[in-house]
Amino acid sequence: MLYAAVAVIGVTLDLITKVMAVAWLNPADPVHLLGGLLRLQLVRNPGAAFSLGENFTPVFAVLSAAVLVGVVLFGVRRIGHTGWAVAFGLVSAGVAGNLIDRLFRAPGPLHGHVVDFLQLPYWPIFNVADMCITAAAILIIVLSVIKNIGLDGKRLAPTPRTRRDPPAERTPNEPGPASTD
(Lines give C-alpha, C1' and ligand atoms only; values in the text may rest on other atoms or scores of the structure.)
Protein backbone atom coordinates (compact mmCIF):
# COMPACT_ATOMS: atom_id res chain seq x y z
CA MET A 1 0.00 0.00 0.00
CA LEU A 2 2.86 2.37 0.78
CA TYR A 3 4.34 1.68 -2.66
CA ALA A 4 1.03 2.54 -4.36
CA ALA A 5 0.52 5.68 -2.27
CA VAL A 6 4.01 7.01 -3.06
CA ALA A 7 3.60 6.21 -6.77
CA VAL A 8 0.16 7.84 -7.05
CA ILE A 9 1.19 10.95 -5.10
CA GLY A 10 4.38 11.30 -7.17
CA VAL A 11 2.60 10.96 -10.53
CA THR A 12 -0.15 13.33 -9.40
CA LEU A 13 2.35 16.00 -8.31
CA ASP A 14 4.26 15.58 -11.55
CA LEU A 15 1.16 15.97 -13.71
CA ILE A 16 -0.20 18.95 -11.75
CA THR A 17 3.11 20.82 -11.87
CA LYS A 18 3.51 20.15 -15.60
CA VAL A 19 -0.01 21.42 -16.32
CA MET A 20 0.76 24.54 -14.27
CA ALA A 21 4.11 25.05 -16.01
CA VAL A 22 2.58 24.79 -19.48
CA ALA A 23 -0.27 27.15 -18.51
CA TRP A 24 1.77 29.79 -16.67
CA LEU A 25 5.31 29.80 -18.03
CA ASN A 26 6.51 31.44 -21.21
CA PRO A 27 9.51 29.58 -22.69
CA ALA A 28 11.04 32.91 -23.75
CA ASP A 29 10.65 34.51 -20.31
CA PRO A 30 12.04 32.36 -17.45
CA VAL A 31 11.12 33.19 -13.87
CA HIS A 32 13.99 33.58 -11.38
CA LEU A 33 13.28 32.59 -7.77
CA LEU A 34 15.27 32.44 -4.54
CA GLY A 35 17.84 34.96 -5.73
CA GLY A 36 18.49 33.02 -8.90
CA LEU A 37 18.99 29.65 -7.17
CA LEU A 38 15.91 28.28 -8.92
CA ARG A 39 14.80 29.21 -12.41
CA LEU A 40 11.47 28.21 -13.91
CA GLN A 41 12.25 27.66 -17.60
CA LEU A 42 9.70 25.81 -19.71
CA VAL A 43 11.19 23.42 -22.26
CA ARG A 44 9.82 20.43 -24.11
CA ASN A 45 12.46 17.73 -24.13
CA PRO A 46 12.32 14.94 -26.75
CA GLY A 47 15.41 13.23 -25.30
CA ALA A 48 16.85 12.30 -21.95
CA ALA A 49 18.90 14.48 -19.56
CA PHE A 50 20.74 17.29 -21.36
CA SER A 51 18.41 16.51 -24.33
CA LEU A 52 20.60 13.54 -25.22
CA GLY A 53 19.06 11.07 -27.66
CA GLU A 54 16.50 13.42 -29.18
CA ASN A 55 15.97 11.03 -32.11
CA PHE A 56 15.26 8.09 -29.80
CA THR A 57 12.04 9.27 -28.14
CA PRO A 58 10.13 6.06 -29.06
CA VAL A 59 12.95 3.97 -27.60
CA PHE A 60 12.77 5.93 -24.33
CA ALA A 61 9.00 5.40 -24.25
CA VAL A 62 9.26 1.64 -24.78
CA LEU A 63 12.10 1.29 -22.24
CA SER A 64 10.12 3.34 -19.71
CA ALA A 65 7.08 1.11 -20.17
CA ALA A 66 9.28 -1.99 -19.75
CA VAL A 67 10.83 -0.63 -16.54
CA LEU A 68 7.41 0.23 -15.13
CA VAL A 69 6.00 -3.21 -15.96
CA GLY A 70 9.11 -4.89 -14.52
CA VAL A 71 8.90 -2.97 -11.27
CA VAL A 72 5.19 -3.68 -10.86
CA LEU A 73 5.26 -7.35 -11.88
CA PHE A 74 8.59 -8.49 -10.42
CA GLY A 75 9.70 -6.00 -7.80
CA VAL A 76 6.67 -4.87 -5.84
CA ARG A 77 5.53 -8.29 -4.64
CA ARG A 78 9.00 -8.99 -3.20
CA ILE A 79 9.08 -5.81 -1.07
CA GLY A 80 9.38 -6.47 2.65
CA HIS A 81 10.86 -3.18 3.82
CA THR A 82 9.40 0.31 4.10
CA GLY A 83 12.40 1.95 2.44
CA TRP A 84 12.15 -0.33 -0.59
CA ALA A 85 8.42 0.41 -0.87
CA VAL A 86 9.19 4.13 -0.96
CA ALA A 87 12.06 3.66 -3.43
CA PHE A 88 9.97 1.57 -5.83
CA GLY A 89 7.06 4.00 -5.47
CA LEU A 90 9.33 6.92 -6.36
CA VAL A 91 10.89 5.17 -9.36
CA SER A 92 7.43 4.16 -10.60
CA ALA A 93 6.13 7.71 -10.18
CA GLY A 94 9.07 9.17 -12.07
CA VAL A 95 9.02 6.70 -14.91
CA ALA A 96 5.23 6.91 -15.25
CA GLY A 97 5.22 10.71 -15.16
CA ASN A 98 7.66 11.04 -18.04
CA LEU A 99 6.06 8.11 -19.91
CA ILE A 100 2.70 9.87 -19.80
CA ASP A 101 4.31 12.85 -21.55
CA ARG A 102 5.90 10.61 -24.20
CA LEU A 103 2.55 8.93 -24.87
CA PHE A 104 0.14 11.88 -24.76
CA ARG A 105 1.99 15.11 -25.55
CA ALA A 106 2.84 16.61 -28.92
CA PRO A 107 4.07 15.69 -31.44
CA GLY A 108 2.25 12.37 -30.86
CA PRO A 109 2.16 8.94 -29.21
CA LEU A 110 5.63 7.51 -28.43
CA HIS A 111 7.13 10.76 -29.76
CA GLY A 112 5.80 13.14 -27.10
CA HIS A 113 8.17 15.64 -25.56
CA VAL A 114 8.62 15.66 -21.79
CA VAL A 115 7.78 18.93 -20.06
CA ASP A 116 10.73 20.16 -18.00
CA PHE A 117 10.64 23.45 -16.11
CA LEU A 118 12.90 23.46 -13.03
CA GLN A 119 16.53 24.52 -13.23
CA LEU A 120 19.26 24.84 -10.64
CA PRO A 121 22.64 26.44 -11.40
CA TYR A 122 24.89 24.13 -13.44
CA TRP A 123 22.19 21.49 -13.76
CA PRO A 124 19.94 20.42 -16.64
CA ILE A 125 16.30 21.48 -16.62
CA PHE A 126 14.15 18.82 -14.93
CA ASN A 127 10.67 18.10 -13.54
CA VAL A 128 9.05 16.39 -10.54
CA ALA A 129 9.26 12.97 -12.23
CA ASP A 130 13.02 13.42 -12.56
CA MET A 131 13.20 14.37 -8.88
CA CYS A 132 11.36 11.14 -8.00
CA ILE A 133 13.78 9.04 -10.07
CA THR A 134 16.80 10.75 -8.51
CA ALA A 135 15.45 10.35 -4.97
CA ALA A 136 14.72 6.67 -5.71
CA ALA A 137 18.27 6.12 -6.97
CA ILE A 138 19.73 7.68 -3.82
CA LEU A 139 17.44 5.64 -1.59
CA ILE A 140 18.28 2.41 -3.44
CA ILE A 141 22.00 3.10 -2.99
CA VAL A 142 21.52 3.78 0.72
CA LEU A 143 19.42 0.64 1.23
CA SER A 144 21.48 -1.77 -0.83
CA VAL A 145 25.04 -0.50 -0.55
CA ILE A 146 25.25 1.40 2.72
CA LYS A 147 22.62 -0.36 4.87
CA ASN A 148 22.95 -3.72 3.05
CA ILE A 149 19.18 -4.37 3.20
CA GLY A 150 17.54 -6.69 0.68
CA LEU A 151 14.11 -6.22 -0.88
CA ASP A 152 12.65 -8.58 1.68
CA GLY A 153 13.90 -6.34 4.49
CA LYS A 154 16.56 -8.74 5.70
CA ARG A 155 20.10 -7.56 6.18
CA LEU A 156 22.28 -9.22 3.58
CA ALA A 157 25.34 -11.12 4.74
CA PRO A 158 28.51 -9.29 3.88
CA THR A 159 30.64 -10.97 1.26
CA PRO A 160 33.99 -12.21 2.60
CA ARG A 161 36.95 -10.16 1.50
CA THR A 162 39.85 -11.98 -0.02
CA ARG A 163 43.11 -11.47 1.79
CA ARG A 164 45.90 -10.46 -0.48
CA ASP A 165 49.36 -11.38 0.66
CA PRO A 166 52.06 -8.90 -0.18
CA PRO A 167 54.33 -10.03 -3.02
CA ALA A 168 57.27 -12.14 -1.88
CA GLU A 169 60.58 -10.34 -1.72
CA ARG A 170 63.20 -11.54 -4.21
CA THR A 171 66.79 -11.87 -3.15
CA PRO A 172 69.33 -10.37 -5.55
CA ASN A 173 70.66 -13.82 -6.62
CA GLU A 174 67.24 -15.28 -7.52
CA PRO A 175 66.37 -15.55 -11.18
CA GLY A 176 63.68 -13.13 -12.20
CA PRO A 177 62.81 -10.64 -14.88
CA ALA A 178 65.77 -8.88 -16.38
CA SER A 179 66.27 -5.36 -15.21
CA THR A 180 66.16 -2.58 -17.75
CA ASP A 181 68.25 -0.21 -15.65
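The values are calculated or read from the model by the stated rules, or taken from the named source; none is laboratory data. Owing to the predicted nature of the structure, the values given are computational and were not obtained by experimental measurement. A quick note on method: Cβ atoms are made from the backbone with ideal geometry, for glycine too, and the neighbour counts reach across all protein chains shown. These area figures cover heavy atoms from the full protein model, side chains too; ligands, DNA and RNA do not enter into them. Shrake-Rupley method; radii C 1.70, N 1.55, O 1.52, S 1.80 Å.
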For the range 1-124, projected area of the alpha-carbon convex hull averaged over all directions, nm²: 8.5 nm²
Net length gained if the chain between ASN26 and LEU120 were fully extended (0.36 nm per residue, minus Cα distance): 32.1 nm
Total formal charge among the other residues, if their Cβ is under 13 angstrom from that of GLY97, Lys/Arg +1 and Asp/Glu -1: -1
Computed lengthening from SER144 to LEU103, 0.36 nm per intervening residue step minus Cα-Cα distance: 11.5 nm
Rounded percent of accessible protein surface that carbon and sulfur make up, the chain, 1.4 Å probe: 68 percent
Accessible solvent surface per residue of the range 19-106, calculated while the other protein chains remain in place, 1.4 angstrom probe, Å²: 56 Å²
Förster radius 25 Å - calculated FRET efficiency between LEU33 and ALA65, Cβ distance, rounded to 0.05: 0.15
Sum of side-chain charges, LEU151 neighbourhood, beta-carbon under 15 Å (Lys, Arg +1; Asp, Glu -1): +4
